Structures are given as C-alpha cells and as structure tokens.
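Read through the structure below, which is laid out as structure tokens, and then see the notes.
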Amino acid sequence: DIPLDRALDPRPRSARVANDVDSKKKTAKDEGGIVETIKVVVQALLIALVIRTLLFQPFNIPSGSLIPTLLIGDYLFVSKYTYGYSKHSIPFSPPLFSGRVWAAEPKRGDIAVFKLPTDNSTDYIKRVIGLPGERIQMIDGILHINNQPVKRERIADFVTTDNWGRSAPAIQYRETLPNGVSHNIIEREGDKGTFDNTPVFVVPPGHFFMMGDNRDNSLDSRDRSVGFVPFENFVGRAEIIFFSIEDGESAWKIWEWPWTVRWNRLFSAIK
C-alpha cells in the first residue's frame, strides 16, 4: 500500500526520497543540537559545583556583627581550600566522612565562615580570636587572652545608623592580637555592654573561639547559643569583597547602582 500523501504527491519518486532524507537529517540535527545544549548546561553546572566545593563560595553579609570590617550588603568570596575540606565543604553537608582532609588550622585574626555548632547548618561569619587550649575573657570591654590584656588604641569614631536610620557615632578602637594582626572594633555601648564582662572561657581541643568586631552587637562564642566552634564546622576563610551595596537597597535594581553601590569597597581584601 502507498500512503495517501505519497499517492497524491506529483513529484518524481527520487525527489520524494531526497525530501525524506533531508527531513530525517534536519530532525537528527535538531535532536543533536538539543543534546549538545544539555551537555553544555550539565558541564557548566558541574564546573560551578566543583568551584563552589573546592575553591571559592560566594556569601553576602546580612547582619552588622562584623562592622566596621564587613558591612551589611557586602558580597564576598570565601576560599574553601584554606582550612582543608570537611563534610561542610559540600552543599547540604552530606555525612560522607568525618573530620577534615588536607587540614590547616585557622589562624588568629582570620575572618571565617562556619556552620553554627547548635544546628550544623546555619552559616555564621566571625573572627578567630581564641585557639585550642587558650583562656579567653572580656574584662570591662578589653579582650584578655591567657590572662593578658590585648592591646587596643582609641581611634576616630565610626559612624553607623541606629534603628531609625539616624547617624550614630560608635566608639572605635584599633585592636592588635598577640600574633600581630590588627583590626578595628567598635563599642556601641562603651565598655559596659552585655558581653563586655564575661567568665573565663577555656577553649577545648579541636575548637576555636569566635567573636565579631561589633563587640556589643554580635552573637558569638561569648554566648552559649554559639559556643566553641569545632574545627570540622569551618567552611572557609573570607578573602575579598567582590560587590557591596548600601544597607536596605536591592542588588537586582541595576539602574540604581550609580548611587547605591559602595564602589570604594569593590575588590578589596578582607583583613
């Protein structure tokens, strides 16, 4: 039997055959194009996953606990390889292995991202202050490490904003840790804030004591809801600010960037 469309086609048989061949080639080409597109997308996703897992992961700063070093609206890259890799280096922290591989312990003064020890899932970012075995205490706003006060020098006030959007100067110090790392801290409430006088914290082996630079507005190792951070919970070290936008502004509103982006903070190293 001859299909009706073939029977009614006045063209010679050779022409019909050639047309069928061209149609099959076009269909195969279209299918090949779709397959190639899928391959490219899958490869791109795999490359992004490898970079995110092994090299760098982007984070944004949603709170002011590290003011004046990091501001709300900063976007930064965190190096995943600096401290080696744990299960928390992988998205969703699958329990593939315990501990760390290619481990290198955090250094005092590093700003690091870690998983909150109480739930092992929430990302926190603070500064490494206390190392395993050390004694940490705050006395009248002054940090003490192993019973020795850490040097701090009063510098010009840092201007912040209060809950109503008004300018509010905060007392600012230049603090120098025992290993020579210097950074700025602020005291919104002077030296009489909630965590300006604490008991002595003895850092357990394999753990670290983390603090924010905004000393009166930082939920950190001084509070039991955070506590000491296990080495395994470290995700990586904050390296560079690649984008920054004013607090309360939307990064997706590109047309507002000329006056909402903090251009002077772009591509600045984090110390």
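The values are calculated or read from the model by the stated rules, or taken from the named source; none is laboratory data. Computed from a prediction, not measured in an experiment: that's the story for all the values here. We place every Cβ from the backbone using ideal geometry, glycine too, and count neighbours over all the protein chains shown. Only protein heavy atoms, including side chains, enter the accessible area calculation; ligands, DNA and RNA are left aside. Shrake-Rupley method; radii C 1.70, N 1.55, O 1.52, S 1.80 Å.
Among the residues of segment 158-168, is any of a type in the set (Asp, Glu), part of a loop (DSSP other than H, G, I, E, B) and touching a residue at least 12 places away in the same chain (Cβ under 8 Å)? Checking segment 158-168: not a single residue is of a type in the set (Asp, Glu), part of a loop (DSSP other than H, G, I, E, B) and touching a residue at least 12 places away in the same chain (Cβ under 8 Å). Checking SER218, SER250 one by one, the residue that is among the polar types (S, T, N, Q) and either on the phi > 0 side of the Ramachandran plot or touching a residue at least 12 places away in the same chain (Cβ under 8 Å) (or both) is SER218 and no other. Restricted to segment 110-130, and to residues there that are open to solvent by less than 10 Å² (accessible area, probe 1.4 Å) and of a type outside the set (Lys, Arg), the residue that is farthest from ARG265 (Cα to Cα) is GLY130. Residues in segment 227-256 that are part of a helix (DSSP H, G or I) and open to solvent by 70 Å² or more (accessible area, probe 1.4 Å): ILE254, TRP255.
This table checks each residue for (1) touching an Asp or Glu at 6+ places or on another chain (Cβ under 8 Å); (2) open to solvent by 40 Å² or more (accessible area, probe 1.4 Å); (3) among the β-branched types (Val, Ile, Thr).
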| position | (1), (2), (3) |
| --- | --- |
| ASP157 | no, yes, no |
| TRP164 | no, yes, no |
| TYR173 | yes, no, no |
| GLU187 | yes, no, no |
| THR194 | yes, yes, yes |
| PRO199 | no, yes, no |
| MET210 | yes, no, no |
| LEU219 | no, yes, no |
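If you go through segment 233-256 one residue at a time, do you hit one that is under 24 Å from GLN137 (Cα atoms) and among the hydrophobic types (A, V, I, L, M, F, W, C)? Yes, there is a match, as at least one residue in segment 233-256 is under 24 Å from GLN137 (Cα atoms) and among the hydrophobic types (A, V, I, L, M, F, W, C). When ASN184, ASN120, ASN179 are checked against the criterion of being within 24 Å of SER79 (Cα to Cα), of a type in the set (S, T, N, Q) and not in a loop (DSSP other than H, G, I, E, B), a single residue qualifies: ASN184.
Of the residues making up segment 100-109, those that are exposed (fewer than 13 other Cβ atoms within 10 Å of the Cβ) and either touching a residue at least 24 places away in the same chain (Cβ under 8 Å) or among the β-branched types (Val, Ile, Thr) (or both) number 1.
When LYS271 is tested against (1) touching a residue at least 24 places away in the same chain (Cβ under 8 Å); (2) among the charged types (D, E, K, R); (3) over 23 Å from LEU55 (Cβ atoms); (4) open to solvent by 40 Å² or more (accessible area, probe 1.4 Å), just one condition goes unmet, and that condition is (3). In the condition set (1) in contact with a strand residue (DSSP E or B) (Cβ under 8 Å, 6 or more places away or on another chain); (2) surrounded by fewer than 18 Cβ atoms within 10 Å (Cβ to Cβ); (3) modelled with pLDDT of 95 or more; (4) among the polar types (S, T, N, Q), GLN148 is compliant with all but (1).
Within segment 259-268, the set of residues being out of contact with any Phe, Trp or Tyr (no Cβ under 8 Å at 6 or more places or on another chain) and open to solvent by 90 Å² or more (accessible area, probe 1.4 Å) comprises TRP259, TRP263, ASN264.
Within segment 180-196, does at least one residue satisfy the condition of being under 30 Å from GLY99 (Cα atoms) and over 22 Å from the mean Cα position of the chain (by Cα)? Checked segment 180-196: at least one residue is under 30 Å from GLY99 (Cα atoms) and over 22 Å from the mean Cα position of the chain (by Cα). For segment 131-142, taking the residues that are more than 21 Å from ARG237 (Cβ to Cβ) and part of a strand (DSSP E or B), the one that is most open to solvent (accessible area, probe 1.4 Å) is identified as ARG135. Residues that are among the charged types (D, E, K, R), surrounded by 17 or more Cβ atoms within 10 Å (Cβ to Cβ) and not in a loop (DSSP other than H, G, I, E, B) within segment 52-99 comprise ASP74, LYS87, listed in sequence order.
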